[in-house]
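Undergrad: One structure follows; several queries about it will come next.
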């Protein structure tokens, strides 16, 4: 298993790159994250939530909070 930690600073966006999340289960370890879709939709997730970020039309991952959002991606 491989673990990769990615941090999104408060107020920042991280451009979505599907290859970066391929075959990974992602947990929000700290903070909160918004998934911003290419169509303008937005979904919010917080500490303890699990995400699968492959095959969805996202534009960016955004941190709306005032603390870093820590995402841990677990893959084979």
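Where a number appears in this text, it was derived from the coordinates with a stated rule and is not lab data. Quantities reported herein were computed from a predicted structural model and do not represent experimental measurements. With ideal geometry, Cβ positions are generated from the backbone for all residues, glycine too; neighbour counts draw on all protein chains shown.
Undergrad: Which of rounded, prolate, oblate describes the chain, given a ≥ b ≥ c as roots of the alpha-carbon gyration tensor eigenvalues and a/c under 1.5 marking rounded, otherwise prolate only if a/b is larger than b/c?
TA: In terms of gyration-tensor shape, oblate.
Undergrad: Label segment 1-44 by shape, choosing from rounded, prolate and oblate, from the square roots a ≥ b ≥ c of the eigenvalues of the Cα gyration tensor; if a/c is under 1.5 it is rounded, and otherwise prolate applies when a/b is larger than b/c, oblate when it is not.
TA: oblate
Undergrad: When the chain is fully extended, how far beyond the present Cα-Cα distance does residue 39 get from residue 3, taking 0.36 nm per residue of separation?
TA: Net length gain for the segment: 9.9 nm.
Undergrad: Taking neighbour Cβ counts within 10 Å as the exposure measure, how do 16, 52 sort from fewest upward?
TA: Ordered by Cβ neighbours within 10 Å, fewest first: 52, 16.
Undergrad: Okay, moving on. Normalised by the number of residues in the chain, what is the relative contact order in percent for Cα pairs under 8 Å and 6+ residues apart?
TA: 51 percent
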